[in-house]
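Some notes on the structure that comes next.
The values are calculated or read from the model by the stated rules, or taken from the named source; none is laboratory data. In this text the structure is predicted, and so the values were computed from the model without any measurement. Please note: Cβ atoms are built from the backbone with ideal geometry, for glycine as well, and neighbour counts cover all protein chains shown. Surface accessibility is based on the protein's heavy atoms, side chains included, excluding ligands, DNA and RNA. Shrake-Rupley method; radii C 1.70, N 1.55, O 1.52, S 1.80 Å.
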Amino acid sequence: WCERTYLGMSGYMVTIEDAKRTDFDDYYKIRCGKSDIYWMGYEAPPQYESLKKVFNSRIVESSFSNIGDKRIYMIKYTKRKMIVGFIQLSLTLDGVEIGYSVMEQYQGKGIGTQALALAVEIALKISECVYLEILEKNRASCIIAQRNGFLPKEKLKVKNACTGKYQIYRKYWYTNGK
């Protein structure tokens with residue numbers, strides 16, 4: 001079981017914890033949010049049972065040691081004692097990719113910035129190569145990345161498997177300000 005805490009300058013406290021089966025309904029609610037659907041490149045909310053199967057393959061009881069494995073962590077906003085987002089770490093040939101989402105009503109409060117800082121700590125224990133892939137037009141996420149020591153590098157044209165549409169992402173590499 002993993003829990004990390006961050007107390008930011010603004011006074012917000014955020015923890016990230018390994019996702020458990022009992023967290024699925026909160027995860028599903030986050031994934032069904034308008035902003036999550038939009039920024040993930042989908043046109044509709046995910047199908048409940050399909051997403052549950054994927055979720056259960058990415059929680060603490062599942063494998064996280066091979067290329068392609070993914071692990072989900074839940075972001076808890078301790079001021080309200082509730083789950084407000086998630087972090088996903090993915091083991092890739094390039095290192096560890098971090099993805100995240102914060103519920104729309106909690107965006108703009110520093111929660112994503114704090115949660116990403118905690119995720120970076122975990123990712124660096126796995127690989128010295130840590131990166132994000134962010135839709136180029138997602139300015140808020142680009143700012144969060146840069147606040148956490150990531151620098152923008154190559155552009156990627158990615159075809160969304162669900163919609164068939166191409167989108168431009170930018171890969172941000174963790175540099176710790178170097």
(request) Return only the number of the condition from (1) under 20 Å from Cys142 (Cβ atoms); (2) not in a loop (DSSP other than H, G, I, E, B); (3) not acidic (Asp, Glu) that Gln105 does not satisfy. (result) (1)
(message) For the structure I just gave you, tell me whether Gln105 is under 23 Å from Ile83 (Cα atoms) and either open to solvent by less than 20 Å² (accessible area, probe 1.4 Å) or without any contact (Cβ under 8 Å) to a residue 40 or more places away in the chain (or both).
(response) yes
(message) Checking Leu93 against (1) touching a Lys or Arg at 6+ places or on another chain (Cβ under 8 Å); (2) modelled with pLDDT of 95 or more; (3) open to solvent by 60 Å² or more (accessible area, probe 1.4 Å), only one condition comes out false. Which one?
(response) (1)
(request) Give me the pairs, please: first residue somewhere in the stretch 40-67 and under 21 Å from Ile126 (Cα atoms) and among the β-branched types (Val, Ile, Thr), second residue anywhere and open to solvent by 50 Å² or more (accessible area, probe 1.4 Å) and not in a loop (DSSP other than H, G, I, E, B), beta-carbon distance under 8 Å, and either six or more positions apart or on two chains. (result) Ile59/Arg21
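Residue-wise test of (1) on the phi < 0 side of the Ramachandran plot; (2) surrounded by 19 or more Cβ atoms within 10 Å (Cβ to Cβ); (3) of a type outside the set (D, E, K, R); (4) in contact with a helix residue (DSSP H, G or I) (Cβ under 9 Å, 6 or more places away or on another chain).
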| position | (1), (2), (3), (4) |
| --- | --- |
| Leu89 | yes, yes, yes, yes |
| Tyr100 | yes, yes, yes, yes |
| Leu118 | yes, yes, yes, no |
| Ser141 | yes, yes, yes, yes |
| Arg147 | yes, no, no, yes |
| Pro152 | yes, no, yes, yes |
| Val158 | yes, no, yes, no |
| Tyr169 | yes, no, yes, no |
| Asn176 | no, no, yes, yes |
(request) Among the residues of the stretch 61-81, count how many are in a loop (DSSP other than H, G, I, E, B) and more than 19 Å from Val14 (Cβ to Cβ). (result) 9
(request) Return only the number of the condition from (1) assigned to a helix (DSSP H, G or I); (2) modelled with pLDDT under 95; (3) not polar (S, T, N, Q) that Leu116 does not satisfy. (result) (2)
(message) With in contact with a Pro (Cβ under 6 Å, 6 or more places away or on another chain) and not aromatic (Phe, Trp, Tyr) as the only criterion, which of Arg139, Arg170 stands out?
(response) Arg170
